[in-house]
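All remarks here apply to the structure that follows.
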Amino acid sequence: MGVLKGLKAIKAHQAEQEARREKSDRPKTTWFKLQGGTSAKVRFLQELDEESPHYSEKNGLALMVVEHRHPTRFMQKAVCTADEGGCWACEMNAANPREGWHQRTQLYANVLVDDGTNEPYVALFSRADGKNSIVGTIVEYAEENDSISNRWFKITRKGTGKEDTSYSIMGFDPKDDVNVEDYELFDLQNVLREVPYDKQEEHYNFVWENRDNKDSAPKEETTSINEKW
Ligand SMILES: [Zn+2]
């Protein structure tokens, strides 16, 4: 940005810089990832429902979020705003249903990861719901056992490529060896992209490579986004 003409432009620029600084001050998000042919134990640190006897008010709820993402640039995602009067990606999907603009329901939850090598650490679990997704099994656990945070789960990944990758999940018996409030969680609100309707087209079509500061591009999910969960 070059010359800022007038106070309004200066103020807007200052606000933008401030927002950028705040963003870069946030702790870097650690995403839960598995290499092909490996597995890890995870402990959900948040429940799916406040009614759960194991719900922690301090930790809050895991989130199920209806989102869209650009059909080829998967990092360009945003929360669906169809309920708020309009959603640009929903319109794109209605016009070209096969292009890949459809809604995706994505689960976001803080988990404690025990990979058998490192000290257990907190990471963000993010997976789309859908056919054969492990998210369906997690929701079933919440329904049938009133809790997902009261036991360890083993998640296994088979395959490495886009076509042959699959995941499975298995729940162990409940165990009270973890106090979910002992851990510092990532703020789920910070990983959601909430974009007002009139900015959505620009948001989805934004190409990070054109930006002067490449370091500010979001790096999350770059390796796992193609996979089927
Ligand atoms: Zn939408």
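The values are calculated or read from the model by the stated rules, or taken from the named source; none is laboratory data. On a predicted model such as this, the values are computed, not experimentally measured, just so you know. Cβ placement follows ideal geometry from the backbone for every residue including glycine, while neighbour counts extend to all protein chains displayed.
Quick notes on this structure:
- Leading residue by the ranking (nearest to the ligand (Cβ to nearest atom)) among those in the stretch 101-117 that are touching a strand residue (DSSP E or B) at 6+ places or on another chain (Cβ under 8 Å) and outside any strand (DSSP E or B): GLN103
- Scanning the stretch 56-99 for residues that are part of a loop (DSSP other than H, G, I, E, B), without any contact (Cβ under 8 Å) to a residue 40 or more places away in the chain, more than 11 Å from the ligand (Cβ to nearest atom) and crowded, with 16+ Cβ neighbours inside 10 Å yields a single hit, PRO71.
- Filter result for the condition that a residue is part of a loop (DSSP other than H, G, I, E, B), out of contact with any Asp or Glu (no Cβ under 9 Å at 6 or more places or on another chain) and surrounded by fewer than 17 Cβ atoms within 10 Å (Cβ to Cβ), over LYS154, LYS175: LYS175
- Where ALA128 falls short, out of the listed (1) at pLDDT below 95; (2) surrounded by fewer than 16 Cβ atoms within 10 Å (Cβ to Cβ); (3) of a type outside the set (Asp, Glu): (2)
- Residue within the stretch 6-29 that is surrounded by 16 or more Cβ atoms within 10 Å (Cβ to Cβ) and touching a Phe, Trp or Tyr at 6+ places or on another chain (Cβ under 8 Å) present: yes
- Looking at VAL135, VAL122, just one residue is at pLDDT 95 or above, of a type in the set (A, V, I, L, M) and surrounded by 17 or more Cβ atoms within 10 Å (Cβ to Cβ), and that residue is VAL135.
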